[in-house]
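Engineer: Right, I'll just put the structure down here and ask away after.
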Amino acid sequence: MPLRNNRLTDDEYKQQFGDIHPPFESHSAALVEANRCLFCYDAPCTKSCPTSINVPKFIKQITTDNMKGAAYTILTANIMGGGCSRVCPVEKLCEGACVFNLMEEEAIPIAKLQRYATDKVIREKWPLFERKQSTGKKVAIVGAGPAGLSCAHALSREGVDVTIYEKESKGGGLMTYGIAAYKVTPQFCEEEVDYILSLGGIEILYNQELGKDITLDTLQNNYDAVYLAFGVGLARQLEIPGEQLSGVVNAINFIYDIRTNNYPAIPVGDMVAVIGMGMTAIDAATQAKRLGAKEVTLVYRRTQQEMPCTEAELNIAKLDGCKIIWLAAPKEILGENGKVTRLVCHVMKLEASANGRPTPVITDEIITLPVDMVIKATGQMPFEQLVHSNHLENDKGKIESVTNIKGVFAGGDCVNGGKEVVDAIQAGKEGAELILEYLF
Ligand SMILES: Cc1cc2nc3c(=O)[nH]c(=O)nc-3n(C[C@H](O)[C@H](O)[C@H](O)COP(=O)(O)OP(=O)(O)OC[C@H]3O[C@@H](n4cnc5c(N)ncnc54)[C@H](O)[C@@H]3O)c2cc1C
Ligand code: SF4
């Protein structure tokens, strides 16, 4: 049976893909939470934020109605603090470190307060930042994702003229094209990019792909420095028989299609298996369910103790009715008439390994799931061709922040192999510092 093309009505779309963490409904509701903060002198919440947002300071500013100050405190540390308040896995970062956890009480809802402090500022483009007089220096950035945008903003504030080359037709990177719409809406992504650009001194050239429309040589010749922030690209293959069958898709493409169609009209199966248990797998599974799949099963080769997603994300999938099979690894995908019909998995067991991390080992047992769609979400691989043809890799085959080409720097997912938005933003800030040091 072919995959169904679901056309959700306006109301269904709003219900299924609307904001999963709604904002505070009133100032007094925000104040009640802000006033619970103990303003800890050693602020473990700040220490656990990769961009070191001064959490007690901005919460204090909210309590004194200094909303401009609160937004400035957040956005100087993290120019995408609004986006991060929606997508950060806060339960393993700031909120997970909040001292209230030690008292077995609800942590301060830092993300919700951060969103409260930044939403209006971003929507109304409050001019919190000033750009220094132009220094005459020009930098090219490849990729308008979190790393590229954060680097661009930091450089432009110092009077550097920045041109971003972006292969898609919108900015925001995976914020716009990857992360589930119920975490961050397309409209907010656009507002956030516009806010960053409102500083001035940053131009984005869309539909410009490095390696196709432009070359690294040209950028080196035309700019004083280059910052590469093109993310990690291609979905990792399972390398098992049957991967070419119709109905087997990769999660990045599946989510990209949902995010780029104004109206989700994405083919989805009735019986869907999602391979993996990271954020991408959870996003793919929940969205397949919300698009109307009857049964969605997440298949992971280890146990809950080792899963890369957070407990909160797992709970979203469970609440959406997704099933989970732990300790199962895909062996082959079977089909009829070129279409996927079954997913065959090895049952695994965990054995202690020398490095202390339990290793999944294949047992004799097999399980077979009837499926009409398989979504692969087992990670991404670097853009090998792009990296290799430009001689950007070190002897371990990786790109470093200071590449082996003079004046060419890199950061974000393309260097760290794929972490979170907040890490890419911090990398962008650090990349800007390296570039400023190089230029002046
Ligand atoms: C499905 C999914 C869900 C995720 N969910 C979360 C989440 O909930 N929370 C979280 O914090 N993180 C999440 N992440 C991770 C997060 O999105 C990334 O860590 C972050 O976006 C990395 O930022 P970046 O700027 O390094 O790269 P990207 O966001 O990938 O941006 C790279 C940009 O470069 C452009 N580009 C690529 N190649 C070229 C080229 N050759 N020429 C020109 N432009 C190019 C791309 O179009 C893109 O705009 C998720 C990732 C995925 C895939
Ligand atoms: S750890 Fe919690 S209580 Fe302490 S400053 Fe941070 S948010 Fe406030």
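The values are calculated or read from the model by the stated rules, or taken from the named source; none is laboratory data. Keep in mind it's a predicted model, so treat the numbers as computed, not measured. Heads up, the Cβs are rebuilt from the backbone with ideal geometry, glycines too, and the neighbour counts pull from every protein chain shown. SASA here: full protein model, heavy atoms, side chains in, ligands and nucleic acids out. Shrake-Rupley method; radii C 1.70, N 1.55, O 1.52, S 1.80 Å.
Engineer: Looking for something in contact (Cβ under 8 Å) with a residue 60 or more places away in the chain and in contact with a helix residue (DSSP H, G or I) (Cβ under 9 Å, 6 or more places away or on another chain) - is there at least one such residue anywhere in segment 237-248? Give the steps one after another, and end with the answer.
Structural biologist: First, the residues of segment 237-248 that are in contact (Cβ under 8 Å) with a residue 60 or more places away in the chain: 237-238, 240-243, 245-248.
Going one step further and asking which of them are in contact with a helix residue (DSSP H, G or I) (Cβ under 9 Å, 6 or more places away or on another chain), we end up with none.
No; the residues of segment 237-248 include none that is in contact (Cβ under 8 Å) with a residue 60 or more places away in the chain and in contact with a helix residue (DSSP H, G or I) (Cβ under 9 Å, 6 or more places away or on another chain).
Engineer: Inspect segment 374-395 for any residue being part of a strand (DSSP E or B), closer than 30 Å to K294 by Cβ, open to solvent by 60 Å² or more (accessible area, probe 1.4 Å) and charged (D, E, K, R) and give the result as yes or no. Quick ask: steps written out before the conclusion?
Structural biologist: Residues of segment 374-395 part of a strand (DSSP E or B): 374-376, 380-381.
Narrowing further to those that are closer than 30 Å to K294 by Cβ: 374-376, 380.
With open to solvent by 60 Å² or more (accessible area, probe 1.4 Å) added as a condition, the list becomes none.
For segment 374-395, residues part of a strand (DSSP E or B), closer than 30 Å to K294 by Cβ, open to solvent by 60 Å² or more (accessible area, probe 1.4 Å) and charged (D, E, K, R): absent.
Engineer: Something else now. For segment 92-115, which positions are surrounded by fewer than 24 Cβ atoms within 10 Å (Cβ to Cβ), in a helix (DSSP H, G or I) and more than 12 Å from ligand 2 (Cβ to nearest atom)?
Structural biologist: K92
Engineer: For the condition within 23 Å of the chain's Cα centre (by Cα) and either in the same structural domain as C88 (by TED's automatic domain parsing) or surrounded by fewer than 15 Cβ atoms within 10 Å (Cβ to Cβ) (or both), what is the one hit in E311, E336?
Structural biologist: On the way: E336 fails: within 23 Å of the chain's Cα centre (by Cα).
Unique residue meeting the criteria: E311.
Engineer: Please enumerate the residues belonging to segment 398-412 that are open to solvent by less than 50 Å² (accessible area, probe 1.4 Å) and either modelled with pLDDT of 95 or more or hydroxyl-bearing (S, T, Y) (or both). Walk me through how you get there before you give the answer.
Structural biologist: Applying the first criterion (open to solvent by less than 50 Å² (accessible area, probe 1.4 Å)) to segment 398-412 yields 399, 403, 405, 407-412.
Hits for segment 398-412 are T403, G407, V408, F409, A410, G411, G412.
Engineer: Moving on. Find the helices (runs of 4 or more DSSP H) located wholly in segment 19-91 whose residues include 3 or more that are within 16 Å of ligand 2 (Cβ to nearest atom) and over 20 Å from K120 (Cβ atoms), and list them.
Structural biologist: Working: elements: 27-34, 44-47, 55-63, 67-77, 81-87.
Answer list for segment 19-91: 44-47.
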